[in-house]
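Working notes, beginning with the structure itself.
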2 protein chains.
Amino acid sequence: MTYFIRVAKSYLLPIILLVFASSAQGADALPSWNEGRAKQSIVSFVERVTAQGSADFVPVPERIAVFDNDGTLWAEQPMYFQLLFALHRVKVLAPQHPEWASQEPFASLLKGDLKGALSGGGTAIMQIVMATHSGMTTEEFEQIVRDWTASAKHPKTGQLYTKMVYQPMLEVLAYLRANGFKTYIVSGGGIDFMRVFSEEVYGIPPEQVIGSSGKTKFEMRDGTPLLMRLAEVNFIDDKAGKPVGIHQHIGRRPIAAFGNSDGDLQMLQWTCRPPGPRFCLFVRHTDGDREWAYDRASSIGRLDKGLDEAGIMNWTVVDMKTDWRKVFAFEP
Amino acid sequence: MTYFIRVAKSYLLPIILLVFASSAQGADALPSWNEGRAKQSIVSFVERVTAQGSADFVPVPERIAVFDNDGTLWAEQPMYFQLLFALHRVKVLAPQHPEWASQEPFASLLKGDLKGALSGGGTAIMQIVMATHSGMTTEEFEQIVRDWTASAKHPKTGQLYTKMVYQPMLEVLAYLRANGFKTYIVSGGGIDFMRVFSEEVYGIPPEQVIGSSGKTKFEMRDGTPLLMRLAEVNFIDDKAGKPVGIHQHIGRRPIAAFGNSDGDLQMLQWTCRPPGPRFCLFVRHTDGDREWAYDRASSIGRLDKGLDEAGIMNWTVVDMKTDWRKVFAFEP
């Protein structure tokens, strides 16, 4: 029976933890949410799909929830954090690349002219990302990201980037998982970048992270197998790419989707347009004091078409300023 | 407390099932395996990595096991079953393609000359696969595969293809899962083809199936979102592609890998070459009576370099004839 006891233990531990969790937080699994329509819509959806015998009951294996990352689970201002990582890496790598002194966008960047460097738009950004995200093994890259996230600080708050996560959304993740949901990240960000911290920060294991990626190549080097990161795009997990990435990785349709920008619109359509119990939510950045305020006119995280469609489809729109009691855990 | 009770239930049910499973099968989780080195190597590995306090203990989240499909979990003779599906689809679709009457490989195929049709090798096979696996939505394709697997019969045994699975390997899958492993398929076969039956046949959910794929494209058609299957290769999950697919989907390295051919060699290297407790196994097809006998010289499922490396690296090689008490569940 030792075999049984060992297995049973792996089930009993979560139960014990749940007893504590349950008594600690009482009936409210979302304490950082103010009472209101947004919070109510989440709770009501979860109660409907988990109620045995209800017409809207959804079996556990089909309880798939997908979350955008930048602007939905963590902040994305003054620019995407992964881009700040890439800019940092350009400076670190510059001594090995004397040619960058006369080559854009690197030349401007190294002179401190960020605006000039990024004036090349998507092409410039892609050059910076490729130069800093390839040419090493997957394990070397993981260590580079790990070192950066352990030390780099956000320019406005002075906090580690991994602290710039929204406390109310952490509660939604935990609440869904406690109700049998599998939670996924589906982000335009780099899949291998996010995987470094997704488990520790969000409780989302690497196999439940979907993102953009470069190609990798298998090699045997002195008897050691490794994957080299190539300077070649494999997949862009944004806009119409999000349903493609979801299908490729999960192979079934989510029943809940959370985003904050037009880049998430197709993911929310894919999730919520078909009939049946479904839940879609946009986080709207309305709080210039505690976070940032931007939507229809922003170059980062523009929420314009999505806001129109949310109105028509009756999706939940979170007003960060009024719906969230707390934005970041580090707030006083 | 209703919330807690509901959650606790989802943990208690597996425990109750385990009590029954445990008492029903006693100490032997692998009853279709004869006693011997192969069986012993599996049990010994699982006991080592699950023993709390042992130097080889592996935490549950890192217990990842990957399985090739064709020739490892189900049979692959007289040819890959998915190719038989594609050949069937050519016949079904022929009336809509009058041009096929004079276009190879379709012309030979429709005249019943299979050998001639496949004489074009990989290119001919790719043409057949593309013509039969694209041009419909992902949901339409799923239904086509579902209908075929529910009715098509294997030419030698007369069994449904989904019955051509190896009973000893089903037991290994269940045994690993009962010990906290997450089991994945990592196959050269089509990801969306396998997902149709992987949960029912192997207990492996769609999100744990990794395979070859074509590109898909998101579209809104009359307000309904859909993914169209394009006639364009996205990814070939074979040979050096297997570690790439594993990294892309799982994002961490497996600690156990099961294959049967040189197409699995890089997956086994990726899994077992690094230090630490690791387990690699090749199924060797040695039973011409109950199944098929083929290895170093076979065009399908060739096991040549892999057999050499298994000897050097001390990986387990299953001799189907002597190690398996039963091959298929339908045997008398």
Using only DSSP helix segments of four residues or longer, with each worth -39500 (n - 2.57), what per-residue ellipticity at 222 nm results for chain A after dividing by its residue count and rounding to 500?
-13000 deg cm²/dmol
With the charge dipole of chain A built from beta-carbon charges (+1 for Lys and Arg, -1 for Asp and Glu) about the Cα centre, the Cα from A:Gly112, A:Ser44, A:His285 projecting farthest to the positive end belongs to A:Ser44
Name the residues whose placed amide hydrogens come within less than 5 Å of the amide hydrogen of A:Ile204, ignoring near sequence neighbours (fewer than 5 apart) on the same chain.
A:Glu199
If amide H atoms are built 1.01 Å from N in the plane of the peptide, which residues on other chains or at least 5 residues away come under 5 Å of the amide H of A:Gly211?
A:Ser187, A:Ile191
Lysines near A:Lys153 by alpha-carbon distance under 17 Å, same-chain residues fewer than 8 away left out - which ones?
A:Lys91, A:Lys163
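Please list A:Asp304, B:Asp323, B:Asp113 from largest to smallest accessible area, probe radius 1.4 Å, with all protein chains kept in place.
Correct descending sequence by accessible area is B:Asp113, A:Asp304, B:Asp323.
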Students often forget the sequence filter, so: which lysines lie under 22 Å Cα-Cα from A:Lys242 once same-chain residues fewer than 8 apart are removed?
A:Lys182, A:Lys215, A:Lys305, B:Lys215, B:Lys217
Residue-wise, which Karplus ³J(HN,Hα) couplings in Hz belong to segment B:76-83, taking 6.51 cos²θ - 1.76 cosθ + 1.60, θ = phi - 60°, and x for glycine or proline?
9, 10, x, 7, 3, 4, 5, 6
Once Lys and Arg are counted +1 and Asp and Glu -1 for all other residues with Cβ under 14 Å from that of B:Leu114, the total becomes +1
What nm value, rounded to one decimal, do you get for the distance between B:Met228 and B:Leu84 when each label is placed 7 Å out toward the C-beta?
3.3 nm
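Net charge around A:Phe141, counting only other residues with Cβ within less than 12 Å of its Cβ (Lys, Arg = +1; Asp, Glu = -1)? Don't skip to the answer; put the middle values down first.
Details: positive: A:Arg89, A:Arg146, A:Arg195, A:Arg229; negative: A:Glu139, A:Glu140, A:Glu142, A:Asp147, A:Asp192.
That sum, taken over residues with Cβ under 12 Å, equals -1.
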To the nearest Å, what is the center-to-center distance of segment A:114-144 and segment B:35-105, using C-alpha atoms only?
37 Å
Copies of A:Met313 compared via label points 7 Å along Cα→Cβ give distances in nm, shortest first, of 4.5
Most fluctuating residue given options A:Leu87, A:Leu73, A:Leu118, as computed from a GNM of chain A linking Cα atoms under 10 Å
A:Leu118
For segment B:81-151, dividing by residue count, accessible area per residue (probe 1.4 Å) in Å² works out to 50 Å²
Could you give the dipole magnitude of chain A about its Cα centre, charging the beta-carbon of Lys and Arg +1 and that of Asp and Glu -1, in debye to the nearest 20?
400 debye
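Rounding to the nearest 20 debye, state how big the charge dipole of the protein assembly as shown is about its Cα centre with +1 on each Lys and Arg Cβ and -1 on each Asp and Glu Cβ. Walk me through the intermediate numbers first.
Details: 70 positive and 74 negative charges, 134 e Å.
My answer is approximately 640 debye.
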For A:Ala94, place a label point 7 Å from Cα along the Cα-to-Cβ direction in every copy; what are the distances to the other copies, in nm, shortest first?
6.9
Using a Gaussian network for chain A with springs between C-alpha atoms less than 10 Å apart, which of these wobbles most: A:Ala86, A:Ala257, A:Ala101?
A:Ala101
In whole percent, what relative contact order does segment A:81-151 give with Cα contacts below 8 Å and a gap of six or more residues?
30 percent
Inter-part distance where segment B:267-323 and segment A:197-223 are each reduced to a Cα centre, Å:
28 Å
Would you calculate the separation in nanometres between label points at A:Ala150 and B:Arg48, each defined as 7 Å from the Cα along the Cα-to-beta-carbon direction?
2.9 nm
Whole-Å semi-axes of the protein assembly as shown's equivalent ellipsoid, largest first, each the root of 5 times a Cα gyration tensor eigenvalue?
42, 31, 27
For segment A:233-278, rounded, prolate or oblate, judged on the Cα gyration tensor with a ≥ b ≥ c (square roots of eigenvalues), a/c < 1.5 rounded, else prolate if a/b > b/c?
oblate
Formal net charge of residues neighbouring A:Trp74 (Cβ-Cβ distance under 12 Å; K, R +1; D, E -1):
-3
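Quick one: compute the contact order of chain A, relative version, from alpha carbon pairs under 8 angstrom and 6+ residues apart, as a percent.
21 percent
What is the percent carbon and sulfur in the accessible area of segment A:81-151, measuring with a 1.4 Å probe over the protein chains and ignoring ligands?
Working: 1990 of 3570 Å².
C and S atoms contribute 56 percent here.
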Other copies of B:Arg221: label-to-label distances in nm, shortest first, labels 7 Å along the beta-carbon direction:
4.7
Extended-chain gain in nm, criterion 0.36 nm per residue less alpha-carbon gap, A:Val92 and A:Lys326:
80.6 nm
³J(HN,Hα), Karplus 6.51/-1.76/1.60, whole Hz, each residue of segment B:194-210, x for Gly, Pro:
5, 4, 4, 10, 5, 6, 5, 7, 10, x, 10, x, x, 6, 10, 10, 10
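Full-extension gain between A:Glu140 and A:Arg296, please, as 0.36 nm times their residue separation minus the C-alpha to C-alpha distance. Before the final figure, lay out the partial values.
Numbers: separation 156, 0.36 × 156 = 56.16 nm, distance 3.89 nm.
Gain on stretching A:Glu140 to A:Arg296: 52.3 nm.
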With label points set 7 Å from each Cα along the Cα-to-Cβ direction at B:Glu99 and B:Met126, the distance between them in nm comes to 1.9 nm
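Checking an interface number: how much accessible area is buried between B and A, summed over both chains, with a 1.4 Å probe, in Å² rounded to 100?
Values: alone 16580 and 16590 Å², together 28260 Å².
The summed interface area works out to 4900 Å².
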By accessible area (1.4 Å), largest first, A:Lys242, A:Lys326, B:Lys321 order as B:Lys321, A:Lys326, A:Lys242
Nearest 20 debye, what's the magnitude of the dipole of segment B:87-151 about its Cα centre given +1 on Lys and Arg Cβ and -1 on Asp and Glu Cβ?
240 debye
Row for segment B:279-329, column shape: gyration tensor on C-alpha, a ≥ b ≥ c, rounded if a/c < 1.5 i.e. under 1.5, prolate if a/b over b/c, else oblate; value oblate
Residues of segment B:249-272 that become at least 50 Å² less accessible with every protein chain present than in their own chain isolated, using 1.4 Å: which are they?
B:His249, B:Arg252, B:Trp270
For segment B:91-108, what does the Karplus curve 6.51 cos²θ - 1.76 cosθ + 1.60, with θ = phi - 60°, yield as ³J(HN,Hα) per residue in whole Hz, taken in order and with x for Gly and Pro?
5, 5, 8, 3, x, 7, 10, x, 5, 5, 4, 10, 10, 7, x, 5, 4, 4
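The values are calculated or read from the model by the stated rules, or taken from the named source; none is laboratory data. Because the structure is predicted, anything quoted here is derived from the model rather than measured. Note that we place each Cβ from the backbone using ideal geometry, even for glycine, and neighbour counts take in every protein chain shown. When the accessible area is computed, the model is the full protein with side chains, heavy atoms only, and any ligands, DNA or RNA have been set aside. Shrake-Rupley method; radii C 1.70, N 1.55, O 1.52, S 1.80 Å.
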